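Working notes, structure below.
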Amino acid sequence: MESTLLVAAVAALVGAALVWMLLTLRGRAHRADLEAMLAAAREETDDLRRRLDELAARTSSLEPRPAQFVITDVGGPGADTDRAVVPDRVVLSATLGEPLVKVAAFTHGVRRALSAESRNRIWFEMRREVRAARRRRRRLVKDYLRETRAAERAQESVA
């Protein structure tokens, strides 16, 4: 009997140690992935910053053009063929990122509001408020009846 318990305890300890080791290794791999993504993002940011500096230097050296009512000259006869190319990933990130975050936040809020815990809390608060309103109405009715009876007695004693 004691040996069975001892074997079970040792097996549980070995299992716990294996689970701990797996979780630790998985966490390290995940951290390495995140660090690689961060390095790629930093590299891309540095590249974009360098391109922006080049464009700023080029545009500052240009002569100011007279004001025209043209929004853009892309593809026209004087179009600049040496334009900076923005990766699709950056454009998609900028155009879809913010709305996606808003949708995710809204969905989280709705999901949380419709959870059983929230519904129960709301139901409890509503029930408490309804009971308090009933007590206030009863108190008002009693006070009103007391005042009207007192006024009627005062009229009868005068008459």
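Can you run phi through the Karplus equation (6.51, -1.76, 1.60; θ = phi - 60°) for region 92-103 and list ³J(HN,Hα) in whole Hz, with x for Gly and Pro?
5, 4, 6, 7, 9, x, 5, x, 5, 5, 5, 5
For V19 paired with A94, estimate the spin-label separation in nm (one decimal), with each label point 7 Å from Cα along the Cα-to-Cβ line.
4.8 nm
Using a Debye calculation, one point per C-alpha and no hydration shell, please list log10 I(q)/I(0) for region 94-159 at q = 0.21 Å⁻¹ in order.
-0.88
Take the alpha carbon atoms of region 1-60, find their radius of gyration, then divide it by 2.2 N^0.38 Å using N residues; give the quotient.
Rounded to two decimals, the normalised Rg is 2.48.
Return the distance in nm (one decimal) between the two label points of a simple spin-label model at T4 and V101, each offset 7 Å from Cα along Cα→Cβ.
5.9 nm
Only the coordinates and a few stated rules stand behind these numbers; no lab work does. Just so it is clear, the model here is predicted, and its values are computed rather than measured. Note: ideal-geometry Cβ built from the backbone for every residue, glycine included; neighbour counts use all protein chains shown.
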